[in-house]
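Undergrad: If you scroll down you'll find the structure; I have some questions about it.
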Amino acid sequence: IATIGFQMDTYAYDDGDPGCNKNNWNNGVKTSQPATLNPSNLNITQWAEVLSSLGAKYAWMNAKHGCGFLMWKTKTKFVDGTPYGYDVSAPGAINRDIVKEFHDEMLKVGIKPGYYYSLKDNFYLNVHQKGLVGNNATFLPNMKKVNQEEFENIILAQLRELWSEYGQLSETWFDGGWPSSIS
């Protein structure tokens, strides 16, 4: 089993989980900006070739880590109808569906793909640990305000996309489990 840990927090230069925090959200590297994740030489075919040469049979990548950034072009919307806005299709971002590319490239070399989706953290939505929406004291500019129910509905909508639009998956890894009110 192989793991690809490429995500917004790759650019955060911060040793910790979830990588996005009050020190880098709007300062320095600006993890609040989707354009921060915009590599010029991303080669997912190379990932697949390397993993295949190592004998990997399964591989998963971070589809969403603790920052809340999505590595696919989401259709998720907030209750008021505005787009989620913190994903690869946001203005200035990489504008490549990394999840689809990963899925397709892994299958080409005979590796079964899967995904990691952090349930316990989403810095963009002011969710810090245990899947609970934070209070106003932890809210920063460029975060989106949601209540607990909205957050959980967003989780479910994103997981439906991930599970239904990318073919058969070999694994989904949840970090931290479900928020307590989701059954």
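The values are calculated or read from the model by the stated rules, or taken from the named source; none is laboratory data. Predicted, not measured: the structure shown is a model, and the values here were computed from it. Neighbour counts run over all protein chains shown; Cβ positions are idealised from the backbone, glycine included. Surface accessibility is based on the protein's heavy atoms, side chains included, excluding ligands, DNA and RNA. Shrake-Rupley method; radii C 1.70, N 1.55, O 1.52, S 1.80 Å.
Undergrad: Cβ contacts < 6 Å: first residue without any contact (Cβ under 8 Å) to a residue 60 or more places away in the chain and within 15 Å of residue 142 (Cα to Cα), restricted to the range 71-95; second residue part of a strand (DSSP E or B) and of a type in the set (Gly, Ala, Ser), any location; separation 6+ or different chain. Result?
TA: none
Undergrad: Further question on the same structure: What is the one condition in (1) assigned to a loop (DSSP other than H, G, I, E, B); (2) within 18 Å of residue 1 (Cα to Cα) that residue 29 does not satisfy?
TA: Among (1) assigned to a loop (DSSP other than H, G, I, E, B); (2) within 18 Å of residue 1 (Cα to Cα), the lone unmet condition for residue 29 is (2).
Undergrad: Of the conditions (1) among the small types (Gly, Ala, Ser); (2) touching a helix residue (DSSP H, G or I) at 6+ places or on another chain (Cβ under 6 Å); (3) part of a loop (DSSP other than H, G, I, E, B), residue 48 satisfies every one except a single condition; which number is it?
TA: (3)
Undergrad: Next question, about the same structure. Is it true that residue 9 is buried (at least 21 other Cβ atoms within 10 Å of the Cβ) and either touching a Lys or Arg at 6+ places or on another chain (Cβ under 8 Å) or under 26 Å from residue 148 (Cα atoms) (or both)?
TA: Values: buried (at least 21 other Cβ atoms within 10 Å of the Cβ): yes; either touching a Lys or Arg at 6+ places or on another chain (Cβ under 8 Å) or under 26 Å from residue 148 (Cα atoms) (or both): yes.
Criteria met by residue 9.
Undergrad: Quick check: anything in the range 61-68 of a type in the set (D, E, K, R) and either part of a loop (DSSP other than H, G, I, E, B) or open to solvent by 10 Å² or more (accessible area, probe 1.4 Å) (or both)?
TA: We begin by selecting, within the range 61-68, every residue of a type in the set (D, E, K, R); these are 64.
Subset that is either part of a loop (DSSP other than H, G, I, E, B) or open to solvent by 10 Å² or more (accessible area, probe 1.4 Å) (or both): none.
For the range 61-68, residues of a type in the set (D, E, K, R) and either part of a loop (DSSP other than H, G, I, E, B) or open to solvent by 10 Å² or more (accessible area, probe 1.4 Å) (or both): absent.
Undergrad: Suppose we filter the range 109-129 for residues that are farther than 16 Å from residue 153 by Cα and assigned to a loop (DSSP other than H, G, I, E, B); how many remain? So that I can check it myself, show each step before the final result.
TA: At the first step, the residues of the range 109-129 found to be farther than 16 Å from residue 153 by Cα are 109-116, 123, 128-129.
Now narrow it down to the ones that are assigned to a loop (DSSP other than H, G, I, E, B): 109-111, 128-129.
Total meeting the criteria: 5.
Undergrad: What's the number of the condition residue 175 fails, among (1) touching a His at 6+ places or on another chain (Cβ under 9 Å); (2) at pLDDT 95 or above?
TA: Evaluating residue 175 over (1) touching a His at 6+ places or on another chain (Cβ under 9 Å); (2) at pLDDT 95 or above leaves (2) as the failure.
Undergrad: Give me the pairs: first residue in the range 131-153 and free of Cβ contacts under 8 Å to residues at least 40 places away in the same chain, second residue aromatic (Phe, Trp, Tyr) and surrounded by 12 or more Cβ atoms within 10 Å (Cβ to Cβ), beta-carbon distance under 8 Å, and six or more apart or on different chains, which are they?
TA: Hits for this filter: 133/151; 145/139.
Undergrad: Now, a different point. Quick one: would you say residue 89 is out of contact with any helix residue (DSSP H, G or I) (no Cβ under 8 Å at 6 or more places or on another chain), farther than 20 Å from residue 134 by Cα and in a helix (DSSP H, G or I)?
TA: Spelling it out, it is not the case that residue 89 is out of contact with any helix residue (DSSP H, G or I) (no Cβ under 8 Å at 6 or more places or on another chain), farther than 20 Å from residue 134 by Cα and in a helix (DSSP H, G or I).
Undergrad: Could I ask something else about it? Looking at the range 150-163, can you tell me whether even one residue there is open to solvent by less than 30 Å² (accessible area, probe 1.4 Å) and in a loop (DSSP other than H, G, I, E, B)? Working first, answer last.
TA: Restricting attention to the range 150-163, the residues satisfying the condition of being open to solvent by less than 30 Å² (accessible area, probe 1.4 Å) are 151-152, 154-155, 158-159, 161-162.
Still in the running and in a loop (DSSP other than H, G, I, E, B): none.
Scanning the range 150-163 turns up no residue that is open to solvent by less than 30 Å² (accessible area, probe 1.4 Å) and in a loop (DSSP other than H, G, I, E, B).
Undergrad: Also, quick follow-up: Any residue in the range 44-59 that is modelled with pLDDT of 95 or more and surrounded by 15 or more Cβ atoms within 10 Å (Cβ to Cβ) sitting within a Cβ distance under 7 Å of a residue that is acidic (Asp, Glu) and part of a helix (DSSP H, G or I)? List the pairs, counting only those 6 or more apart or interchain.
TA: These pairs meet every condition: 44/101; 44/105; 47/105; 48/105.
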